[in-house]
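The numbers here are math on the coordinates, done by the rules we state, and not lab data. A quick note: this is a predicted structure, and the numbers were derived from the prediction, not measured. Counting neighbours? That spans all protein chains shown, and the Cβs are built from the backbone with ideal geometry, glycine included.
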């Protein structure tokens, strides 16, 4: 889920809310209300978002974030985003690297390098009814996804960076850091007839122990396309040809270096070139293109929970762990995903020392308490796997743990 911002100079990738939306996609979740310039999104009845006076680019950016909701919007919104053509501000004071500014009236996020205001965010209101003022036609919604995540946390739902499916009637949640194999496992489950629940951003409810995702397009790497034949038809011919180029570059690396140490400048240069090309070639694919009609938009019970961790060994290991240990690890994963928001909150507190947000400052403790309840009595496992991932072997290794009634204390399983 992505979770770093392009306005953050320490980050190398853009978050979904900062990345321009891909054009030409249809999103059926946006509910248009009698006012022609008001559009709403309902995230499973947990968080409701209202856009006021958005441009088409703004609507598409929001739709790429929230995908299809499970029910029609009802009731008052929790988060309002009001769009304006310009955000002129007088008497602004700047902080640090000019990503932040403030006046006596509010706190602002700035376009890096230009000092142009792109949004005003009341950090002290996040979690309650929150209204954001945002520059229109920007094609991105600064911090909106983590703000929605915090609002969900206030309602006893923890947003987890995970993939989720239902396989043979069993709800499976696969969490982990970016590039740890979650999407690879999701695609393999799809090829075995699983139902889609969510990808990258999945809510885990502490009261009902259910998981609910967002039915929105997700990105694929060339390894996903190359290793899974059923995915190839979902990608354009031009992109497939570009992926062949990446594959050839990787093959060149193996031919030149083989099993020799890979610390040379030439190898590192080839690896960086390959990674840079691959990162730009990540087509966004609708879940229906891969799962067909097998979409669980209303969510499912989280019966089995896996935490994926990459390691340098070529084997895949599965180790059952205690549910509370899983809750602790997921808590830190949640905190990592909220890091951009928390960093901006620090700047906000510098500008307004007396304006405190208890939900933001106690997010880790609150997340752990909810996750401990959500995972109580569940079967939880740690999965260690190599990178790049081996698709058939990954599925074959974790599949025995996905059967109904599989005991959490089964011995560790290893796939060579």
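General observations
- Mean Cβ neighbour count within 10 Å, used as a protection proxy, ranking 357-370, 295-308 highest first: 295-308, 357-370
- Rounded FRET efficiency, nearest 0.05, which uses the C-beta distance separating residue 358 from residue 295 and R0 of 35 Å: 0.40
- Using the Cβ-Cβ distance between residue 369 and residue 90 with R0 set to 45 Å, the FRET efficiency works out to roughly 0.55.
- Förster radius 41 Å - calculated FRET efficiency between residue 191 and residue 82, Cβ distance, rounded to 0.05: 0.40
- A full extension of the chain between residue 112 and residue 339 corresponds to an added length of 79.9 nm, given 0.36 nm per residue minus the alpha carbon distance.
- Potential lengthening between residue 179 and residue 98 on full extension [0.36 nm per residue; Cα-Cα distance subtracted]: 26.1 nm
- For the peptides 52-59, 152-159, the ranking by packing is 152-159, 52-59, with the highest mean count of neighbouring Cβ atoms within 10 Å listed first.
- Extension gain for residue 350 to residue 125 (0.36 nm times residue separation, less C-alpha to C-alpha distance): 79.4 nm.
- Summarising the strand pairing of the stretch 31-154, around 65 percent of its internal DSSP beta bridges are antiparallel.
- Distance between the stretch 198-221 and the stretch 335-399 - C-alpha centres, whole angstrom: 13
- Relative packing of 372-381, 183-192, which averages over residues the other C-beta atoms within 10 Å, highest first: 183-192, 372-381
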